Amino acid sequence: MNKISIAGPVWLASDIHLGQNTPATSEAFRDFLKLAASEASALLLPGDIFDAWIGDDVAVLAPPWLAQDLMAIKAVAAKIPVWVGRGNRDFLIGEALTAGLGARLLPEQALVSVGNHTMLLSHGDEYCTDDVAYQQFRAMVRNPAWQAGFLARSIPERLTMAAQARGESMAANQVKSSEIMDVNTDAVAAAILSAGVSLVVHGHTHRPGRTVMSVEGKRCERWVLPDWDCDHVDQGKPPRGGWMVIDEDGLTLFDLDQD
Ligand SMILES: [Mn+2]
């Protein structure tokens, strides 16, 4: 297991889902990054920073919205260590991108220690084992041969395929129950036992908060990072998003409007 030891305060955010049609979310995220640069000693972004990522070569001739967000991440990484992780949507993020940002690639699962707190950190989609169709898709797209084949295609071809996959996934998710799309408790318990921790942190499920669970008689905590969406206020959805701070006081979740 990859181990990362950092002095606090460490800030974490995931599931921002940045894209060309999310200017308000991008703006909120860039404000968050500025705050992190001045108040955090390190920043961890464990996945789904982007709504889609079709290969690191898009960063070279990035469209304006992306260039702006990448520059903002780069600016933080010039001040404090930044780890960028892959989620289920931006799973093709590679070391070319993180190197270009002056950041590091967060391993898929990492043991992160901040002071006395040691946690198993990941995006969290690997725990959603009840969603068999998704796990099959996940296995396919994580296969190096599949990735090489996909990355060998032109950018327009990849954009078309990604949009198609996204459409299919959204249609499939409409008919999945909310339980299926949440974590499987046994999968989390197995990860806790194999990592030898009592604390798990992840994003992905869009169900922010803390769950206390007992694993073989030991009290364990699972914390979920919030997802971000500030672009659907006109549809009656108030801006949402936030982050976690880990310091000597422990773990704390902050909402966007609390800053
Ligand atoms: Mn996700």
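The values are calculated or read from the model by the stated rules, or taken from the named source; none is laboratory data. On a predicted model such as this, the values are computed, not experimentally measured, just so you know. Methodologically, a virtual Cβ is constructed for each residue, glycine included, from the backbone with ideal geometry; neighbour enumeration extends over all protein chains shown.
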Task: Members of the stretch 55-103 found to be more than 16 Å from the ligand (Cβ to nearest atom) and within 19 Å of Ala152 (Cβ to Cβ), listed by number - done: Gly55, Asp56, Asp57, Val58, Ala59, Val60, Leu61, Gly94, Glu95, Ala96, Leu97
Task: All positions within the stretch 158-196 that are within 15 Å of the ligand (Cβ to nearest atom), free of Cβ contacts under 8 Å to residues at least 40 places away in the same chain and more than 20 Å from the chain's Cα centre (by Cα) - done: Ala172
Task: Val141, sole failed condition from (1) within 18 Å of His206 (Cβ to Cβ); (2) within 14 Å of the ligand (Cβ to nearest atom); (3) not acidic (Asp, Glu) - done: (1)
- [ ] Search the stretch 197-221 for residues being within 16 Å of the ligand (Cβ to nearest atom) and within 22 Å of Val114 (Cβ to Cβ), and hand back the single one that is surrounded by the most Cβ atoms within 10 Å (Cβ to Cβ).
- [x] Gly203
Open item on the list: All but one of (1) of a type outside the set (Ser, Thr, Tyr); (2) modelled with pLDDT of 95 or more; (3) in contact with a Gly (Cβ under 7 Å, 6 or more places away or on another chain) hold for Val215; state the number of the condition that does not hold.
Closed with: (3)
Task: Hits in the stretch 1-17 (condition: in a strand (DSSP E or B) and closer than 16 Å to Leu225 by Cα) - done: Val10, Trp11, Leu12
Open item on the list: Being closer than 18 Å to Asp15 by Cβ and within 16 Å of the ligand (Cβ to nearest atom) is true for just one of Asp231, Asp227. Which residue is that?
Closed with: Asp227
TODO: Being more than 19 Å from Asp131 (Cβ to Cβ), surrounded by 13 or more Cβ atoms within 10 Å (Cβ to Cβ) and not polar (S, T, N, Q) is the filter here, so list the residues in the stretch 159-177 that pass it.
DONE: Leu159, Met161, Ala162
